[in-house]
Amino acid sequence: MALALRELAAQIGTELVGDPDGVISRVATLQDAGPDAVTFLANPAYRRYLSGTRAGAVILRRGDLGHCPVAALIAENPYAAYARAAAALNPAPTATRGIHPTAVLGTNTRIDASASIGPQCVVEDGVRIGPGAYIGPGCVIGTDSEIGAGTRLMANVTVCHDSMIGRNVLVHPGVVIGSDGFGIANEGGRWIKVPQLGRVRIGDEVEIGANTTIDRGAIEDTVLEEGVKLDNQIQVAHNVRIGAHSAIAGCVGIAGSARIGRHCAIGGGAGILGHLEIADHVQVTAMSLVTRSIHEPGVYSSGTPLQPNEQWRRNFARFRRLDDMARRLRALEKKINAE
Amino acid sequence: MALALRELAAQIGTELVGDPDGVISRVATLQDAGPDAVTFLANPAYRRYLSGTRAGAVILRRGDLGHCPVAALIAENPYAAYARAAAALNPAPTATRGIHPTAVLGTNTRIDASASIGPQCVVEDGVRIGPGAYIGPGCVIGTDSEIGAGTRLMANVTVCHDSMIGRNVLVHPGVVIGSDGFGIANEGGRWIKVPQLGRVRIGDEVEIGANTTIDRGAIEDTVLEEGVKLDNQIQVAHNVRIGAHSAIAGCVGIAGSARIGRHCAIGGGAGILGHLEIADHVQVTAMSLVTRSIHEPGVYSSGTPLQPNEQWRRNFARFRRLDDMARRLRALEKKINAE
Amino acid sequence: MALALRELAAQIGTELVGDPDGVISRVATLQDAGPDAVTFLANPAYRRYLSGTRAGAVILRRGDLGHCPVAALIAENPYAAYARAAAALNPAPTATRGIHPTAVLGTNTRIDASASIGPQCVVEDGVRIGPGAYIGPGCVIGTDSEIGAGTRLMANVTVCHDSMIGRNVLVHPGVVIGSDGFGIANEGGRWIKVPQLGRVRIGDEVEIGANTTIDRGAIEDTVLEEGVKLDNQIQVAHNVRIGAHSAIAGCVGIAGSARIGRHCAIGGGAGILGHLEIADHVQVTAMSLVTRSIHEPGVYSSGTPLQPNEQWRRNFARFRRLDDMARRLRALEKKINAE
């Protein structure tokens, strides 16, 4: 879609400095943008590219205006303004309304006439699907689940029975919602399955990355509050609760009954043990393991530095005797101080 | 399903203390249970909720009976007894027998008349499916595979050719069984694919969590023995063997030809290198990396503690020179002791 | 397929020592091979099985010939020669050409007559599929994507719109290519989605393991160069570039805009942070975290050793005060040296 800069500035709520009739039809990077593209400067590391840009317009902070050789769109938060500009220039394609003839529907479904059910889908008995929802190819929606208005399941998504998914949720391919939690009871060395009887409840405006899995609760529900953003290949175990507007990067594993606060940010590959609580506004860095509750906002980490293998091997070996080192150091201190 | 306490006690094999005519129709937590619900007390941390419970009955150990204000079901292993009670009160819905008209069947399949093949499934040539098996929507079963009696593939499961799956196996959505192992031979800097010619063999009563992947063997088979329980998003490489009744938590990666013993428990996110052996009754804690064979039962761990980022950064930096610290400590000891 | 040793030797380019009329019909391990099987000796750890083998022929280095009791195929790189032999003896089954009647095709698709589109597939508008390509059961290929000649998507693969997949690429079940990258902009504590407008481009001869996910770029493309080999459950974030002939083991996570060189080898479960570069010929060992660019070829590692839990707990606790230990050691050194 092409927009005059005047229109684009109005749509994204920024002040325009430059020709309001300039036409923008796409986004690009500072380095690659041509006169038909809008770009942005948010990260100071890229400021060096500003003076040479050939973009049609740059979204930037007022302080960077002096170095901008082309039209500027002034924003306090250029990255958020860029997100809006990119959305304005690339509206989602309108899905065909209605139910594809190859989709298989159960009994007593309630599917809004404005929803789209794609080819090869299976919608089981009692499922409710809201206005404007998009169920992409190959999705399976289990008995009595509910999909809110405007929610999109992109393709090959599996939603198990009784799941409750809010409005404007975006679910990427391969996601599994509502599979059984890992509930097993040991009896004489053998495992007995513990029926998983809770549900998954997902709030509005949640996004769930490709091949992420969210297990149903054991007795009560697994809950993602509104605005939670999950990247790809995240594992959310039974009875986890993730607070509103928390963002979790790829490959994180969250064990059963963990409670994560609001506005948290969990780095990629981190692990969170079960039955603990993480306060609001906590950040955990990549591949850290959270073994206890975190009560204070802040940034938390674990792990050791990457090194050339030969150096690392020596340190690695010493770690085995770190406690011994600490005791020997203490003994030396006592001896020296006694002298 | 509603059951009189007399029936429930008989079904789960517990002694009943209380009104045998009390009617139970669901399970709940100690805190939330009402008079129609059975609950359980297994973890002493929840004992404080016992005296205030309004449950219809509590499954507990004899020693907790004195503090139970309602009917009690006495069990040595309350969690296992609860698992049985939950199953008794929530029987799995009976699947429709037979083959959905949208399923696509190859030639020479042998599908028991009591099995259920769901919509949008693909069952390739020569597949055998046993009595009472349930193949959920969107599953693909490759040529000449065998699915045992009572086994359930929930939805969107892929079973590749020649896989052998036992009886009463439960496979959650998105699982891939029998994909090629990661076999590549380097020749002059380029990789040649090594054909993966073994199979996957899965024993009876195994459970496999959502989006877990189990590769076929290179020459011989990848094997999961009976009663193995795998959580979600586990990667089992080619020629791995997992011993009977071992349980593996989410996001674990097991490299090629590793052999894991019986009755092991592997924590979430752990890694197990290839071509090693782990003895029976070994536990590995979350996110540990097993780099060598483990010959003795016991609990094993690796990793460093989570800390506020600022403290962690200082320790992290010191780790780079841990070997140097150890040498300097030794030198000091020599010097002091020589004095 | 059965081959005379003379034919097999010619096909895999090795010198034959032994009866050229011996017939080989399968591969096996050194220990298990019978007279109808070819096997190989590459790893010296298995040399002890050579003298007792009952194989029809062994692929080995010239230096091992003296201990071989049966026919030998002499190769400088026995594992690569074995890969060729296994492929010669096990040709991929010929897929049925053409489009299965249950597949759903959009408008303006261009599908070569020699390609195979399996049951329950969805091929959206404008998709191009090259000669000999195989699209297995349940795959979804998004609008305007391109699948090169000879490429195989095994089953239940999702390729999102505008993806470009080269020739002779092998994609295992459950893979997702071209899902949205994790692009979110924070505004006042809430996340705004950043449209993901780039594509995924995959070079020739790439292999992608089961349930791996590869996100599309934010503005520019995510790129896998030719000959890249990815194992299962790998997460490749937006705008990552992986250089030609690099191999990545299972469960690795690669964050946004990371650039990995050519001929790299990344161990299982490793993590690679975003916006960094890894030089050509770098190896990273299992479960290491790469937090900075790596400019020199070599082997790199992080992490601590696996220990019995009781010993580990003591070392783990000491790590919290490693910086303090280092300072105290320095203080002691100063004191001693001042004396």
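Some values worked out for this structure:
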read-out	value
Test: residue in the range C:186-199 that is over 30 Å from A:His263 (Cβ atoms) and either at pLDDT 95 or above or touching a Pro at 6+ places or on another chain (Cβ under 9 Å) (or both)	yes
Hits in the range B:141-179 - residues which are within 11 Å of C:Ala155 (Cβ to Cβ) and either within 11 Å of chain A (Cβ to nearest Cβ) or part of a loop (DSSP other than H, G, I, E, B) (or both)	B:Gly142, B:Asn156, B:Val157, B:Thr158, B:Cys160, B:His161, B:Val176
Which listed residue, of B:Leu65, B:Leu60, B:Leu50, B:Leu73, is surrounded by 15 or more Cβ atoms within 10 Å (Cβ to Cβ) and touching a residue at least 24 places away in the same chain (Cβ under 8 Å)	B:Leu73
Among the residues listed as C:Tyr46, C:Tyr134, the single one being within 30 Å of A:Pro137 (Cβ to Cβ) and of a type in the set (Phe, Trp, Tyr)	C:Tyr134
Test for A:Thr96: is it modelled with pLDDT under 95, out of contact with any Cys (no Cβ under 8 Å at 6 or more places or on another chain) and either crowded, with 20+ Cβ neighbours inside 10 Å or more than 30 Å from A:Ala33 (Cβ to Cβ) (or both)	yes
The listed residue being without any contact (Cβ under 8 Å) to a residue 24 or more places away in the chain and surrounded by fewer than 24 Cβ atoms within 10 Å (Cβ to Cβ), out of A:Arg190, A:Arg262, A:Arg201	A:Arg190
Any chance B:His275 is on the phi > 0 side of the Ramachandran plot, modelled with pLDDT of 95 or more and more than 8 Å from chain A (Cβ to nearest Cβ)	yes
Of all residues making up the range A:33-46, the number that are modelled with pLDDT of 95 or more and farther than 18 Å from A:Arg84 by Cα	2
Selection from the range C:1-19 of residues that are out of contact with any Ser or Thr (no Cβ under 9 Å at 6 or more places or on another chain) and farther than 21 Å from C:Asn77 by Cα	C:Ala4, C:Asp19
Scope the range C:236-259; condition open to solvent by less than 20 Å² (accessible area, probe 1.4 Å) and within 11 Å of chain B (Cβ to nearest Cβ); matching residues	C:Ala244, C:His245, C:Ser246, C:Ala247, C:Ile248, C:Gly250, C:Val252, C:Gly253
Subset of the range B:90-114 (residues that are more than 28 Å from C:Thr158 (Cβ to Cβ) and either part of a strand (DSSP E or B) or among the small types (Gly, Ala, Ser) (or both))	B:Ala92, B:Gly98, B:Arg110, B:Ala113, B:Ser114
One residue from A:Leu105, A:Leu153 being over 28 Å from C:Ile177 (Cβ atoms) and at pLDDT 95 or above	A:Leu105
Selected residue (only one of B:Ile278, B:Ile272, B:Ile266 is out of contact with any Gly (no Cβ under 8 Å at 6 or more places or on another chain), of a type in the set (A, V, I, L, M) and closer than 27 Å to B:Val223 by Cβ)	B:Ile266
All positions within the range C:119-129 that are open to solvent by less than 10 Å² (accessible area, probe 1.4 Å), more than 11 Å from chain A (Cβ to nearest Cβ) and either touching a residue at least 60 places away in the same chain (Cβ under 8 Å) or part of a loop (DSSP other than H, G, I, E, B) (or both)	C:Val127
Single condition C:Gly106 does not satisfy, out of (1) surrounded by fewer than 17 Cβ atoms within 10 Å (Cβ to Cβ); (2) farther than 22 Å from A:Pro101 by Cα; (3) within 14 Å of chain A (Cβ to nearest Cβ); (4) not hydrophobic (A, V, I, L, M, F, W, C)	(2)
Members of the range B:280-331 that are among the small types (Gly, Ala, Ser), at the interface with chain A (Cβ under 10 Å from one of its Cβ atoms) and open to solvent by 30 Å² or more (accessible area, probe 1.4 Å)	B:Ala317
Test: B:Ala113 is within 12 Å of another protein chain (Cβ to nearest Cβ) and over 21 Å from B:Gly34 (Cβ atoms)	no
Any chance C:Glu339 is in contact with a helix residue (DSSP H, G or I) (Cβ under 7 Å, 6 or more places away or on another chain) and at pLDDT below 95	no
Test for A:Ile24: is it buried (at least 18 other Cβ atoms within 10 Å of the Cβ), farther than 17 Å from A:Ala2 by Cβ and in contact with a helix residue (DSSP H, G or I) (Cβ under 8 Å, 6 or more places away or on another chain)	no
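The values are calculated or read from the model by the stated rules, or taken from the named source; none is laboratory data. Just so it is clear, the model here is predicted, and its values are computed rather than measured. Cβ: placed from backbone, ideal geometry, glycine included. Neighbour counts: every protein chain shown. The accessibility values were calculated without ligands, DNA or RNA, using every heavy atom of the protein model including side chains. Shrake-Rupley method; radii C 1.70, N 1.55, O 1.52, S 1.80 Å.
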